[in-house]
Structures are given as structure tokens and as C-alpha cells.
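**Student:** Dropping a structure here in C-alpha cells format, bear with me for questions.
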Amino acid sequence: MNRRRRDPDGDPPKAPLRVGEALASFLKKSGLEDRIEQAGIIPEWSELVGAPIARVTEPVSISRTGVLLVAVKTNAWMTELSLLEPQLLREMNRLSGRSPVRKIRWRLMER
């Protein structure tokens, strides 16, 4: 005899969720949904800053508080980008529905 299990509350079994729905539900319940959205800035980096800057930089990580860590090829570029930071922040946060990037921390790339 094939008996279907009831859930812990005694309710009849529910239809299975699609993997995407289950993952979205888990991310929302766990509080990770916003962090995943926020991390989307990393693959979008080259589109947001343009090819010249993307060629000399590499986004590394973003903190929960909105600090984006970016590696830069040279000190000269790091100085230039530090001056451009307010403009870059405006561009990154302009269309985004995610938690804003509040600061960019620049570091020299390891060779």
C-alpha cells in the first residue's frame, strides 16, 4: 500500500515546488535574497563602468554594508578612480533596485 505522508502539521501533502521557486523561497526566508541581488553588481561591473575602467579593474566582493572592494592594476589608476568614485557610485546606484553601493574600496592587484 502506498501511503502519502502528511506534513508535521497534519495537513495533506502539497504539490512539489519547482527548483527555482524553492530556491527563491529559501533565499527570501533566510535573508540572503538581498545579498544575492547586491552581489549582482560584480558581473555587471564592466557594463556599469565601461570598457576602459573594466580593463584595469576587477571587482572582488561587496560587503553587507555596501562597501565594494575593487582591485586595480596600477597606483595611477587607483588615484584616478578614487577621484571618480562619486560619479561611479551614482551610476551604479542609478537604476538599481538593490541595496546601494555606499563606498568603493580600491586596492592594488596582486601580481
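Every number here is computed from the coordinates shown, using simple stated rules; none is lab data. Keep in mind that what you see is a predicted model, and the values were worked out from it rather than measured. Quick reminder, even Gly has a Cβ in these numbers, built from the backbone with ideal geometry, and neighbours come from all protein chains shown.
**Student:** In Å, what Rg and Dmax follow from the Cα atoms of the stretch 19-108?
**Tutor:** Values for the stretch 19-108 (Cα only, Rg and Dmax): 14.4, 47 Å.
**Student:** Take Gln87 and Met109, extend 7 Å from each Cα along the Cα→Cβ direction, and tell me the distance between the two endpoints in nm.
**Tutor:** Result for the modelled spin labels: 2.2 nm.
**Student:** Still on this model: HN-Hα J couplings of the stretch 102-111 from phi, Karplus 6.51/-1.76/1.60, θ = phi - 60°, integer Hz, Gly and Pro as x?
**Tutor:** 9, 7, 10, 9, 9, 9, 6, 5, 6, 9
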